[in-house]
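Some notes on the structure that comes next.
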Amino acid sequence: MSITVGLVLVGLALLVGVLSNWIDKPDWLPTWGVLVLLVSAAVGAFVITNRAELFRNDGGSADAGDPSPSESGIPSAVRSKMLLTYDDSSDRIVMFASHVDGTNRQKVWSDPSDVNHVKFIPESTDLVVANTDEGSHQNYLEVVSLTGEFIRRLTYPPRGFTDTHYTVVGQSGYVYFTRQRVVPAGEDTSVIKPYKVMRVPLNRRSPEEDVSIPLVLRTISASDDGKWIVGECYPTDGPTKMCIYNTATKSMNQVPKFGGYGLEVTISRSGRYIAFSSTADNPYGESQVYVFDRQKSETTQISKLPGRNGHPLWSPDTEMPCLTFDHYETSEQSVYVACLKPKVQVFKALTNAHGVAWFLN
């Protein structure tokens with residue numbers, strides 16, 4: 001709008017100058033022609049300015065409809081939470097800790113390149129990570145400090161197996177994980193096949209043990225009380241699904257089919273919300289983030305952004321359900337925050353980063 005006002009003022013000054021004979025008017029241009037040029041310039045500036053504002057508001061698509069992120073700032077209750085993120089914009093990966101809004105950013109781990117996943121231990125700044133044995137190329141779980149110093153090893157997969165996907169169940173003090181079979185598939189290649197769900201105490205005072213559930217899970221996530229376990233499952237009656245298992249009643253349900261393929265399934269600490277990414281058809285990008293509300297049996301699309309959107313991570317705050325997710329578009333990589341209450345709102349939080357874990361503060 002400021003462009004329009006500026007051009008109108010300049011045009012009025014020129015018109016006054018011509019009428020007052022302060023400025024020589026070309027012989028071929030009548031006085032009414034100066035007025036027509038002035039009006040045309042004002043209208044053109046108004047259209048251009050509002051068109052640019054439209055593109056700023058919807059992330060670059062004039063007909064995308066109701067896109068994210070929201071224009072308002074990150075809620076104060078979330079802004080001060082601490083988040084771990086990776087920054088791989090340089091030659092090596094660096095892990096940073098910062099507030100969700102990017103303030104108080106500090107480097108905590110210089111080169112966690114061998115670490116596949118990271119989970120915080122409740123009431124602690126220690127982490128559970130999946131590391132890789134250089135000799136056998138097997139993944140195993142261990143506890144490390146925030147800066148990467150080794151504390152203790154948790155799992156010892158036998159030859160031909162690997163431990164990768166896991167979740168920390170805060171109230172029980174256990175780590176639940178999927179042990180998967182590595183099947184040779186030709187020269188220098190292998191195939192990972194789901195095998196069983198296991199658990200091990202964080203203090204490692206007893207060895208890992210089987211968890212008897214009637215599911216074959218590729219990934220795993222659990223509520224804080226361990227009552228609800230979710231993940232990408234392989235039922236015997238069809239293709240991969242997103243399964244929900246109640247450990248108290250020994251019953252299993254599935255996230256209702258909505259189209260597309262669900263990935264990176266994760267449950268909130270309260271056990272009410274299940275977030276996942278999906279390649280379901282949408283007018284915005286390659287993949288989006290969705291949340292299934294178990295209480296209402298409703299699925300809501302959270303992200304409405306171009307490119308790829310995924311890797312949802314739930315906030316430890318059960319009173320205000322929020323999550324982060326990663327956004328990839330060409331060379332841009334950023335972290336967004338989405339909060340579900342009082343309505344779904346999405347905010348761009350960090351650039352040159354992708355989410356790792358929330359601090360359990």
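The values are calculated or read from the model by the stated rules, or taken from the named source; none is laboratory data. All values reported here derive from a predicted model rather than from experimental measurement. Ideal geometry is used to build each Cβ from the backbone, glycine not excepted, and the neighbour counts take in all protein chains shown.
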**Request:** Considering (1) under 20 Å from the mean Cα position of the chain (by Cα); (2) in contact (Cβ under 8 Å) with a residue 40 or more places away in the chain, say which one T330 fails and leave the rest.
**Result:** (2)
**Message:** Please return the ranges of strands (runs of 3 or more DSSP E) entirely within the stretch 94-176 where 1 or more residues are surrounded by 15 or more Cβ atoms within 10 Å (Cβ to Cβ) and touching a strand residue (DSSP E or B) at 6+ places or on another chain (Cβ under 7 Å).
**Reply:** 94-99, 106-109, 118-120, 127-132, 139-144, 161-169
**Asked** If you take the residues in the stretch 173-223 that are over 27 Å from the mean Cα position of the chain (by Cα) and hydroxyl-bearing (S, T, Y), which one is farthest from T247 (Cα to Cα)?
**Response** T189
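Within 13 Å of the chain's Cα centre (by Cα), in contact (Cβ under 8 Å) with a residue 40 or more places away in the chain, in a strand (DSSP E or B) and in the same structural domain as V100 (by TED's automatic domain parsing): is that true of V230 in this structure?
Details: within 13 Å of the chain's Cα centre (by Cα): no; in contact (Cβ under 8 Å) with a residue 40 or more places away in the chain: yes; in a strand (DSSP E or B): yes; in the same structural domain as V100 (by TED's automatic domain parsing): yes.
Taking the combined requirement at face value, the residue does not satisfy it.
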**Message:** One residue is enough: does the stretch 303-311 have a residue meeting the conditions touching a strand residue (DSSP E or B) at 6+ places or on another chain (Cβ under 6 Å), of a type outside the set (A, V, I, L, M), surrounded by fewer than 19 Cβ atoms within 10 Å (Cβ to Cβ) and in a strand (DSSP E or B)?
**Reply:** yes
**Request:** Give me the pairs, please: first residue somewhere in the stretch 62-85 and surrounded by fewer than 16 Cβ atoms within 10 Å (Cβ to Cβ), second residue anywhere and at pLDDT below 50 and of a type in the set (A, V, I, L, M), beta-carbon distance under 8 Å, and either six or more positions apart or on two chains.
**Result:** A62/L54
**Complete:** In the stretch 106-152, anything within 18 Å of Y174 (Cβ to Cβ) and charged (D, E, K, R) is listed as K119, E123, D126, E142, R152
**Prompt:** Are any of the residues in the stretch 271-282 surrounded by 22 or more Cβ atoms within 10 Å (Cβ to Cβ) and not in a strand (DSSP E or B)?
**Reply:** no
